[in-house]
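Participant: What follows is a single structure, and I will ask about it in a moment.
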Amino acid sequence: MRVRELIVLGIGLGLALGVWVWFESQSRAEELRPDVAAVDPAGPDAAGSAQGAVPAPQAEASSVEHAPAAVKIAPITRAGDREQTNAGRTTGMVCGDIQLAVSVLNKITSMTVLVEEVRSAFAEKGFHRPHLFRVPIKLGVGTPTFKVADIPFSEYPYAVSVYVPGLNGSKRTVTIDATNPVVDDIVLVVSPGAPFTLLVRDQDAAPYAGLEVSMQPVGDPLGRQASRGTTDNFGSIVFEDVLAGDYQIAASLNGQPVGDAQLVKVQPGQGNFHPKIQGQGHAMTIPRGVPLQLQVNDGGGYGVADAKVTATALDRIKLTQVTAMTNAGGRAEFSHLAPGTWHFVVEKEKFDRRDLQVTIKAGQQPAFRDLQLRRLSW
């Protein structure tokens, strides 16, 4: 027999064997298939009075244990149920995590979580100090967590904040009462201070060099430090590591205030996932004034030392005063007087008081005035 005939014969036998296996499996499935009436979900009454309905055979007793019935799931708790459950409680709890920026990990010396009732001590009749909780946080590996329990229920909110010396700590306001006794989703953030750049310009947008500038913290958060410095030849100054909050910026020249103070807001440093911190800045304009020297002499033409000279601007709604003391030669110097009308008062013990009014014009040359004090006879 040829090879080709053998191959054809083998293929034919294989197909015949496959058809036989398929028929056998179908016959086996028909034998194992239960009666339709036995699995009818509607039960025996679903067939009604239909003729020819075959009743389902009774199941024989089996030694196999049946699976336990499904456990009933309780309905979702409603607000009224929660109030009934917490009816006997008078205190609550707050807990959460504290996220740390990468750049602050080596700057943390201690960490404290504060929970303070946001109300005045005189909000109610009499004096009642607001509730305040301070919880120190243990430093270790991983994200710090906190838990503050036994917080009395209050109709006023609670402020939850984290305090780390020299760093920024965030704050969150929550409600602790019978309806919300537990707040467990609080996330507080500790972030670094940010570099703050200040640019000082005059009325012609030229750099104002040599100005003494101070940044004084105003309001919350407490514990921030004031910053001081002198502008360079470009009229700029950089304060490193300034914490978030409001600051009042004031400039002076030779110890005398220059221009009006300004209020700025510093945002937390954005260094949560990278050591580099985003800097911030502010530009302020201070008009250049005119220097003025005042020579104070007595009746004999000698200079009067240590006399107090007070200059008050007369054409401003806001009270503006600058003071100076005469030196050993009787001369008082005002480094910066804005254009306008100024009233000078010269005073010294055992001398009569003298008043002088001077008008300063923009762009004029430095001014010079003489003044004579008369010694009292008694």
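The values are calculated or read from the model by the stated rules, or taken from the named source; none is laboratory data. Computed from a prediction, not measured in an experiment: that's the story for all the values here. So basically every Cβ, Gly included, is an ideal-geometry build from the backbone, and we count neighbours across all protein chains shown.
Participant: Is one or more of the residues making up region 255-265 outside any strand (DSSP E or B), at pLDDT below 90 and in the same structural domain as ASP220 (by TED's automatic domain parsing)?
Facilitator: Yes: one or more hits.
Participant: Cβ-Cβ below 6 Å, separation at least six or inter-chain, first residue in region 103-126 and assigned by TED's automatic domain parsing to the domain that holds SER161, second of a type in the set (Lys, Arg) and surrounded by fewer than 17 Cβ atoms within 10 Å (Cβ to Cβ): which pairs?
Facilitator: Close Cβ pairs satisfying both conditions: THR112/ARG134; LEU114/ARG134; ALA121/ARG129.
Participant: Report every pair of residues separated by at least 6 positions or lying on different chains whose Cβ atoms are under 6 Å apart, first residue within region 4-26 and in contact (Cβ under 8 Å) with a residue 24 or more places away in the chain, second surrounded by 10 or more Cβ atoms within 10 Å (Cβ to Cβ) and in a helix (DSSP H, G or I).
Facilitator: none
Participant: Can you pull out the residues in region 138-155 that are surrounded by fewer than 17 Cβ atoms within 10 Å (Cβ to Cβ) and in a loop (DSSP other than H, G, I, E, B)?
Facilitator: Within region 138-155, LYS138, LEU139, GLY140, VAL141, GLY142, THR143, PHE153, SER154, GLU155 qualify.
Participant: Look through VAL174, VAL187 and report the one residue that is assigned by TED's automatic domain parsing to the domain that holds THR109 and under 15 Å from the mean Cα position of the chain (by Cα). Walk me through it before giving the result.
Facilitator: On the way: VAL174 fails: under 15 Å from the mean Cα position of the chain (by Cα).
Just one listed residue meets the conditions, VAL187.
Participant: So which of VAL164, VAL135 ends up being buried (at least 16 other Cβ atoms within 10 Å of the Cβ), within 17 Å of GLY96 (Cβ to Cβ) and hydrophobic (A, V, I, L, M, F, W, C)?
Facilitator: Every option except VAL164 fails the conditions.
Participant: Just to be sure, is SER227 at pLDDT below 95 and in contact with a Phe, Trp or Tyr (Cβ under 6 Å, 6 or more places away or on another chain)?
Facilitator: Judged against the criteria, SER227 is a match.
Participant: Looking at the structure I just gave you, is ASN106 under 30 Å from GLY229 (Cα atoms) and outside any strand (DSSP E or B)?
Facilitator: Spelling it out, ASN106 is indeed under 30 Å from GLY229 (Cα atoms) and outside any strand (DSSP E or B).
Participant: Next up: Tally time: how many residues in region 352-372 are modelled with pLDDT under 90 and hydrophobic (A, V, I, L, M, F, W, C)?
Facilitator: 4
Participant: I've got another one for you. Residue by residue through region 278-312, note down the ones that are among the hydrophobic types (A, V, I, L, M, F, W, C), surrounded by 14 or more Cβ atoms within 10 Å (Cβ to Cβ), at pLDDT 90 or above and over 15 Å from LYS350 (Cβ atoms). Talk me through it step by step, then tell me what you get.
Facilitator: The initial filter retains those residues of region 278-312 that are among the hydrophobic types (A, V, I, L, M, F, W, C), namely 283-284, 286, 290, 292, 294, 296, 304-305, 307, 309, 311.
Within this subset, residues satisfying the condition of being surrounded by 14 or more Cβ atoms within 10 Å (Cβ to Cβ) are 284, 286, 290, 292, 294, 296, 304-305, 307, 309, 311.
With the extra rule that they be at pLDDT 90 or above, the set shrinks to 284, 292, 294, 296, 304-305, 307, 309, 311.
MET284, LEU292, LEU294, VAL309, ALA311, listed by residue number.
Participant: Right, another one. Which of the following residues is touching a strand residue (DSSP E or B) at 6+ places or on another chain (Cβ under 8 Å), within 30 Å of ILE108 (Cβ to Cβ), part of a strand (DSSP E or B) and without any contact (Cβ under 8 Å) to a residue 24 or more places away in the chain: ARG228, ARG224?
Facilitator: Exactly one residue qualifies, and that residue is ARG228.
Participant: Taking the condition of being free of Cβ contacts under 8 Å to residues at least 40 places away in the same chain, surrounded by 12 or more Cβ atoms within 10 Å (Cβ to Cβ) and either among the basic types (Lys, Arg) or part of a loop (DSSP other than H, G, I, E, B) (or both), how many residues in region 333-353 meet it?
Facilitator: 1
Participant: Now for a separate question. Among (1) closer than 21 Å to GLN267 by Cβ; (2) part of a loop (DSSP other than H, G, I, E, B); (3) not basic (Lys, Arg), where does ALA209 come up short?
Facilitator: In the conditions (1) closer than 21 Å to GLN267 by Cβ; (2) part of a loop (DSSP other than H, G, I, E, B); (3) not basic (Lys, Arg), ALA209 misses (1) alone.
Participant: Just to be sure I understand the filter: pairs with C-beta atoms under 7 Å, separated by 6 or more residues or on different chains, first member in region 277-296 and in a loop (DSSP other than H, G, I, E, B), second member surrounded by 19 or more Cβ atoms within 10 Å (Cβ to Cβ) and of a type in the set (Val, Ile, Thr). Which pairs pass?
Facilitator: ILE286/VAL200; ILE286/VAL258
Participant: For residues that are closer than 17 Å to MET93 by Cβ, hydroxyl-bearing (Ser, Thr, Tyr) and in a strand (DSSP E or B), tally how many sit in region 158-197.
Facilitator: Matching residues across region 158-197 total 3.
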